[in-house]
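Enquirer: A single structure is presented below for examination.
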Amino acid sequence: MVDTKNPGDKTLSVSPSKTLTLKPRVEQGTVRQSFSHGRSKQVVVEKRGKRRIGGDAPVAEPAPAAEPVAKAPAAKAPPARTTTTPATPRANSGVVLRTLTEDERSARASALAEAKIRAEEERRLAEEEAARRNSKEGREQAEREAAEARRKAEEERHRIEEEAKRKAELEAKRRFGETETKAPAPATTTRTAPPVRSTAVAADGSDEDDGPRVIRRGPGGAARPVIAPKVTAKPAPQKQRSRLTVTTALNADDVRERSIASFRRRTQRLKGHASNEPKEKLIREVVIPEAITIQELANRMSERAVDVIRMLMKQGAMHKITDVIDADTAQLIAEELGHTVKRVAASDVEEGLFDVVDDSTDTEPRSPVVTVMGHVDHGKTSLLDALRHANVVSGEAGGITQHIGAYQVTSPDGKKITFIDTPGHAAFTAMRARGAKVTDIVILVVAADDGVMPQTIEAINHAKAAKVPMIVAINKIDKPEAKPERVRTELLQHEVQVESFGGEVVDVEVSAKNKTNLDKLLEMISLQADILDLKTNASRPAEGTVIEAKLDRGRGPVATVLVQRGTLRVGDIIVAGAEMGRVRALISDQGETVDEAGPSVPVEVLGFNGPPEAGDRLAVVENEARARQVTSYRAHQKRENAAASASGMRGSLEQMMSQLKTTGRKDFPLVIKADVQGSLEAILGSLEKLGTDEVAARILHAGVGGISESDVTLAEGFNAAIIGFSVRANKEAAAAAKRNGIEIRYYNIIYDLVDDVKKAMSGLLAPTLRETMLGNAQILEVFNISKVGKVAGCRVTDGTVERGANVRLIRDNVVVHEGKLSTLKRFKDEVKEVQSGQECGMAFENYGDMRVGDVIECYRVETIQRSL
């Protein structure tokens, strides 16, 4: 049985005795390959045709067959398919094919529709791609035609120039030849120079070997005889003899072509004409920092570094390509080469961080910042406690303030007032100066029973330097010995004139203990703030000042910040000094966590990478890249300053003399750890004042936070002592210090720390030697005794002479020997001392040149321990 689906397809034949087969779509052939040495190989090559499946051809209806046979496979028919599935054949019969069901027909129709849609989409995409390709080819063709036109115009110009040049040379030769023919011929034999041969490159760029050489004669060539070139028969090309190899045997009939090197030479000659043309110079704007290498400068100018070095050599400076030159020299070179210069400095990264002018329309009133200053133990913190209804004094060691604190108080009229409490004793001068810089109003607290003291005078000077108004609070008026009038009189000596004496400074008599007149003090502060008319823009990025900084073990670096402008929010990227960070939390003075802090609000800021220094200005930047740029610049400046101070750069004769004085100075090495940055600063300042020309405290490391094992290791290497101020060593550090014998001293009051260090440094001072005169003796006779040496017979003229004392031998008022007495005898007996008017015998240690009439001066040397 034969069933044909398509006229051109292979036939499907079924016979009773054979299996169902298709004729192969393969065309076979053989190829014979030959190799060297007579070897050959025969390869069978098959060519397979692509099988086509006619999707659109109609499906042939199966031939009718016996019903029992057709029904049997229908019951076990597989799921619907799109192709015709042959049924199971009966024995000795043909194949029975089933018809398509309705589902199969619908599926096939949908598949055909989808295929038609896909074909339409592909055809549309192909048309768009062809249109796009045609457009691109059109543009490229236009560009090629324009380039070809330019090339032809250039060739025509070159041809015209060459033609004009050739005509000019011919005209010159013709005129010169006419001149020569008119002149008489020389009598002597002239030596003819060989003709000048020049090889001209053809316009089409062909090699010089491609055509005949053109002989061009120089001036006067017309009068010289022209020797005809010898015509030699070109020898027949000889067969190149070489070693017979497989490669030469196979390529024997190949035609030799031009080499790649020849093509390269031709290309270089063609490009050589274009390179001779002058190029247009590029003028650039060159950014020049404070220092730049020659290589970088050349790159920024798009010039060769060799040209820059050549210009420097003309100026008398020899440099290498890696040398660094200053900005002025770089600017001169860039301007000489025709470039424009833009000078920048490394400090430009800080531009725009601070002091940006606010728009006057966006400002709003802010709370005043008030700093409380005065002498130690005059009641500054107690006054603040009375205003805040808190007790800070009991938390301070020794009852004296050693930290700077910031608090907010609500006045009777409902306005907020920010108070900054500063330490009063002498060690915290820098802390008081910081408080005066960030403040709007200064409250000078003076005890009525104590009067004006040294730190009171210093606070007055700080307030004057900061140019801020002052309010005098006369405290402790509840004491019987209080004399407020004496305080006002003493203030006059320092140019502070209160209102009761006709001045402008407001004074209020208060008592922090009994809370007297506190409301009047707050009222005066509010009045003074209204006069100042304090306003700022709260919606701008925050700016502020770090009042205090510390390293908390649980919270990390913590900084007390007074926000001065703008609003500081959680998540802001901040920069303070050489430290940066992202605000993780803001804690108010009451210990509450807040989301933002407006102007004149003191907060504790968590999130710094490290503790900043007290007094650093804080600013909010737009991104971390700017923050890293600013902090890296500041850290670099900090390292440079530290290196400059450590190396002691010789800038003047005074510095050199001071270095000579300190070369023999003894050092007292110390490792200091404190709780906050302000206390550490005060300790370092106090220890620096203790130093003299002979001994000084050498601070190996000073930091904020507890004492760690690294501090103990550092102290061990330099045999230093460790001082902890309001901090403690952890368990591992204490064990390491005990094991290595390193002393750790803990202090809570700065006075005790300074006194102990002063005593320890006094022990390093060299003791003072003081001479005490005992008496004089005159030599009357010199005796030479065997086994003893020379012994001087003397009479004590004044004082006493003691055995073992120091003596000087004086001859003609000149000291000829200094030593000690080895022997002191009287009447053959050894004695301890000889009184005035008595005679005795003396012998010196290791000296015997004594003469009659010499004077012996006897004295005692006493050692006196010094102190700072």
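The values are calculated or read from the model by the stated rules, or taken from the named source; none is laboratory data. Note that this is a predicted model, so its numbers are computed, not measured. For neighbour counting, all protein chains shown are included, and Cβ atoms are generated from backbone atoms with ideal geometry for every residue, glycine included. Please note that ligands, DNA and RNA were not included when accessible areas were found on the heavy atoms of the full protein model with its side chains. Shrake-Rupley method; radii C 1.70, N 1.55, O 1.52, S 1.80 Å.
Enquirer: Kindly flag which residue pairs out of Lys47/Lys116; Lys673/Lys758; Lys342/Lys638; Lys550/Lys689; Lys415/Lys513; Lys152/Lys173 have an alpha-carbon separation exceeding 20 Å in this structure.
Expert: Over 20 Å apart, Cα to Cα: Lys47/Lys116; Lys342/Lys638; Lys550/Lys689; Lys415/Lys513; Lys152/Lys173.
Enquirer: Here is a further query. What distance in nm separates the simple spin-label points at Lys320 and Asn813, each placed 7 Å from Cα in the Cβ direction?
Expert: If labels sit at Lys320 and Asn813, their model points lie 6.9 nm apart.
Enquirer: Here's a follow-up. What is the dipole size for segment 574-622, taken about its Cα centre, with +1 at each Lys and Arg Cβ and -1 at each Asp and Glu Cβ, in debye to the nearest 20? Working shown, then result.
Expert: Values: 3 positive and 9 negative charges, 26 e Å.
Magnitude of the dipole: close to 120 debye.
Enquirer: In debye to the nearest 20, how big a dipole does segment 438-532 give about its Cα centre with +1 on each Lys and Arg Cβ and -1 on each Asp and Glu Cβ?
Expert: 180 debye
Enquirer: Between segment 789-848 and segment 100-154, how many Å separate their Cα centres?
Expert: Rounded to whole Å, the Cα centres lie 130 Å apart.
Enquirer: Report the extension gain between Tyr746 and Asp798 in nm, rounded to one decimal, defined as 0.36 nm multiplied by the number of residues separating them, less their alpha carbon distance.
Expert: Contour length minus Cα-Cα distance gives 13.0 nm.
Enquirer: Would you tally the net charge around Val496, using a Cβ to Cβ cut-off of less than 15 Å, leaving Val496 out, and scoring K and R as +1, D and E as -1?
Expert: Residues near Val496 contribute -3 overall.
Enquirer: Going through segment 499-541, which GluC sites (Glu not before Pro) have at most 12 other Cβ atoms within 10 Å and a DSSP loop state?
Expert: Glu504
Enquirer: Taking the dipole about the Cα centre of segment 431-566, with the C-beta of Lys and Arg at +1 and of Asp and Glu at -1, give me whichever of Met524, Met470, Pro557 is farthest to the positive side.
Expert: Pro557
Enquirer: Here is a follow-up. What does the charge dipole of segment 480-595 about its Cα centre add up to, to the nearest 20 debye, if the Cβ of each Lys and Arg holds +1 and the Cβ of each Asp and Glu holds -1?
Expert: Charge dipole, segment 480-595, about its Cα centre: 640 debye, nearest 20.
Enquirer: Between Glu364 and Lys342, what's the calculated FRET efficiency when r is the beta-carbon distance and R0 is 30 Å? Round to 0.05.
Expert: So the FRET efficiency works out to roughly 0.15.
Enquirer: Pop the C-beta distance of Arg626 and Ser302 into the FRET formula with R0 = 35 Å and round what comes out to the nearest 0.05. Provide the component values of the computation, followed by the final result.
Expert: On the way: r = 30 Å, r/R0 = 0.85.
About 0.75, to the nearest 0.05.
Enquirer: How much accessible area per residue does segment 770-868 have, in Å², with a 1.4 Å probe?
Expert: 60 Å²
Enquirer: Note down the nm distance, to one decimal, between modelled labels 7 Å out along Cα→Cβ at Val852 and at Ala735.
Expert: 8.3 nm
Enquirer: Considering the zone a paramagnetic label at Arg826 would reach in this model (a point 7 Å from Cα along the Cα-to-Cβ line), which residues of segment 780-797 have amide N under 11 Å from it?
Expert: Label zone hits: 796.
Enquirer: Continuing with the same structure: Name the GluC sites (Glu not before Pro) in segment 782-868 that are in a loop by DSSP and that have at most 15 other C-beta atoms within 10 Å, would you?
Expert: Counting only loop positions with at most 15 other Cβ atoms within 10 Å, the GluC sites (Glu not before Pro) in segment 782-868 are Glu845.
Enquirer: For the pair Ala130/Thr692, report the inter-label distance in nm, with labels modelled 7 Å from Cα in the Cβ direction.
Expert: 10.6 nm
Enquirer: If Lys and Arg each add +1 and Asp and Glu each add -1, what is the summed charge of the other residues whose beta carbon sits under 13 Å from the beta carbon of Thr329?
Expert: Numbers: positive: Lys314, Arg343; negative: Glu290, Asp323, Asp326, Asp328, Glu335, Glu336.
Combined, the nearby Lys, Arg, Asp and Glu give -4.
Enquirer: Something else: How much net charge surrounds Thr293 when only the other residues with a Cβ under 10 Å from the Cβ of Thr293 are counted, with Lys and Arg +1 and Asp and Glu -1? List each step's numbers first, then the result.
Expert: Details: positive: Lys320; negative: Glu296, Asp323.
Neighbourhood net charge equals -1.
Enquirer: Give the calculated FRET efficiency between Thr410 and Gln497 to the nearest 0.05, with a Förster radius of 22 Å applied to their Cβ-Cβ distance. Before the final figure, lay out each step's value.
Expert: Working: r = 31 Å, r/R0 = 1.43.
With a Förster radius of 22 Å, E is 0.10.
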